[in-house]
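A quick write-up on the structure given underneath.
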Amino acid sequence: QVQLVESGGGLVQTGGSLGLSCAASGHTLYAMAWFRQAPGKDREIVAGISGNGVQKFLSHFVAGRFTISRDNAKNTVYLQMNSLKPGDTAVYYCARGSGYEYTSPLDFHSWGQGTQVTVSS
């Protein structure tokens, strides 16, 4: 069973940057994604990446500000977050897909424990 461990969350001011990491165990050449959930809101997808790192997806609300990448030699997926806004405040979760290609936010069933990101105004 895959284990996903997120790190890198914290408190940052508006306009600042944070980098999240997700270390995965086991067979890791699957599509990976970052989701987030703010208090009182549903979990939403932020970004996804295919197993070989070529195919990437970014939600419209982070396009131009966030970047997803992966290093398969380190079994790690990253989310670089720039120009952060208070609306980005949420618990961010790493997730593994069931296949190698990114197809849908519904295709992710293995989750990490989450890391809190708080953006102050």
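The table for this structure:
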read-out	value
Subset tally (residues that are of a type in the set (Asp, Glu) and at pLDDT 95 or above) for segment 69-121	2
Lone unmet requirement of (1) assigned to a loop (DSSP other than H, G, I, E, B); (2) touching a Pro at 6+ places or on another chain (Cβ under 6 Å) for Tyr102	(2)
Residue count for segment 38-57, restricted to those that are assigned to a strand (DSSP E or B) and open to solvent by 60 Å² or more (accessible area, probe 1.4 Å)	3
Selected residue (criterion: farthest from Tyr78 (Cα to Cα)) from residues of segment 6-17 that are in contact with a strand residue (DSSP E or B) (Cβ under 7 Å, 6 or more places away or on another chain) and open to solvent by less than 30 Å² (accessible area, probe 1.4 Å)	Val12
Tally, over segment 1-56, of residues that are of a type in the set (Ser, Thr, Tyr) and under 22 Å from Tyr100 (Cβ atoms)	5
Residue, nearest to Val12 (Cα to Cα), within segment 64-82, restricted to residues that are assigned to a loop (DSSP other than H, G, I, E, B) and open to solvent by less than 60 Å² (accessible area, probe 1.4 Å)	Asn82
Criterion: in a strand (DSSP E or B) and either over 11 Å from the mean Cα position of the chain (by Cα) or more than 25 Å from Thr118 (Cβ to Cβ) (or both) - qualifying residue of Ala95, Ala23	Ala23
Which numbered condition Trp111 misses (of (1) open to solvent by less than 70 Å² (accessible area, probe 1.4 Å); (2) touching a residue at least 40 places away in the same chain (Cβ under 8 Å))	(1)
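Per-residue answers, yes or no, for (1) assigned to a strand (DSSP E or B); (2) in contact with an Asp or Glu (Cβ under 8 Å, 6 or more places away or on another chain):
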| site | (1), (2) |
| --- | --- |
| Val2 | no, no |
| Glu6 | yes, no |
| Tyr30 | no, no |
| Arg36 | yes, yes |
| His60 | no, no |
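The values are calculated or read from the model by the stated rules, or taken from the named source; none is laboratory data. The shown structure was predicted, so the numbers you read here are calculated from the model rather than taken from an experiment. All Cβ positions, even for glycine, are placed from backbone atoms using ideal geometry, and neighbour counts span all protein chains on display. Heads up: the accessible areas ignore ligands, DNA and RNA and are worked out on the full protein's heavy atoms, side chains in. Shrake-Rupley method; radii C 1.70, N 1.55, O 1.52, S 1.80 Å.
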